[in-house]
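Participant: Pasting a structure below so you can have a look.
Throughout, read-outs are computed from the coordinates displayed, never taken from laboratory work. These numbers were taken from a predicted model, which means no experiment stands behind them. Neighbour counts are summed over all protein chains in view; Cβ atoms, including those assigned to glycine, are modelled from backbone coordinates with ideal geometry.
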Amino acid sequence: MTPIRGKILGVDYGAAKVGLAISSEDAGFVFGRGVVRRESDDKLVEHLKALCLQENIISVVVGFPLNAKGEKGDAAKKVEALAEKLRDHLKLPVILEDERMSTGLAKILQREAGKKRMPDDEESARIILQSYLDRIHHRQPL
């Protein structure tokens, strides 16, 4: 397998807030990159475009909110529309990664740590990106 060379942006897309995470150049580590308020998708895309240029991002992984049965609902359709906008504006690969467990896992990790390490949305973005990296490194199917 070819090693990853470049930073990847992880996105946890929500109706009001969007969590962000970025990998290291070799994809060995994932760091929370904050939370942005979502005023509109157009403003979000512009913010992410600036961040991708600033950080030399090579691809974007967006959490894909399938329901418990693995089916698409309204939230998943909104994420698909955002992913298309990102592809059009960023000219980068945009990957949808199953996020069904990310928010719950983020809350469990924070509770076990005994304190808030980072906002749930940021932690969820980190988990989504780490999940993607683990899957591609170990060639796990979706």
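Participant: Filter the stretch 57-78 for residues that are polar (S, T, N, Q) and closer than 15 Å to V30 by Cα and give the result.
Facilitator: Of everything in the stretch 57-78, just one residue is polar (S, T, N, Q) and closer than 15 Å to V30 by Cα, namely S59.
Participant: Suppose we keep only residues that are surrounded by 16 or more Cβ atoms within 10 Å (Cβ to Cβ) and of a type in the set (K, R) within the stretch 23-56. Which one would you say is nearest to I136 (Cα to Cα)?
Facilitator: R33
Participant: Could you grab the pairs with beta carbons closer than 8 Å, sequence gap of 6+ or different chains, first residue in the stretch 24-40 and hydrophobic (A, V, I, L, M, F, W, C), second one part of a loop (DSSP other than H, G, I, E, B) and surrounded by fewer than 16 Cβ atoms within 10 Å (Cβ to Cβ)?
Facilitator: Pairs found: A27/P3; V30/S24; F31/S24.
Participant: Can we say K78 is surrounded by fewer than 16 Cβ atoms within 10 Å (Cβ to Cβ) and either within 16 Å of the chain's Cα centre (by Cα) or on the phi > 0 side of the Ramachandran plot (or both)?
Facilitator: Criteria met by K78.
Participant: Then there's this: Among the candidates L9, L20, L86, which residue alone is over 16 Å from R126 (Cα atoms), in contact (Cβ under 8 Å) with a residue 24 or more places away in the chain and crowded, with 18+ Cβ neighbours inside 10 Å?
Facilitator: L86
Residues are listed down the side, and each one gets a yes or a no for (1) part of a helix (DSSP H, G or I); (2) hydrophobic (A, V, I, L, M, F, W, C):
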| residue | (1), (2) |
| --- | --- |
| E46 | yes, no |
| L51 | yes, yes |
| Q54 | yes, no |
| G63 | no, no |
| A68 | no, yes |
| K72 | no, no |
| K77 | yes, no |
| L82 | yes, yes |
| R87 | yes, no |
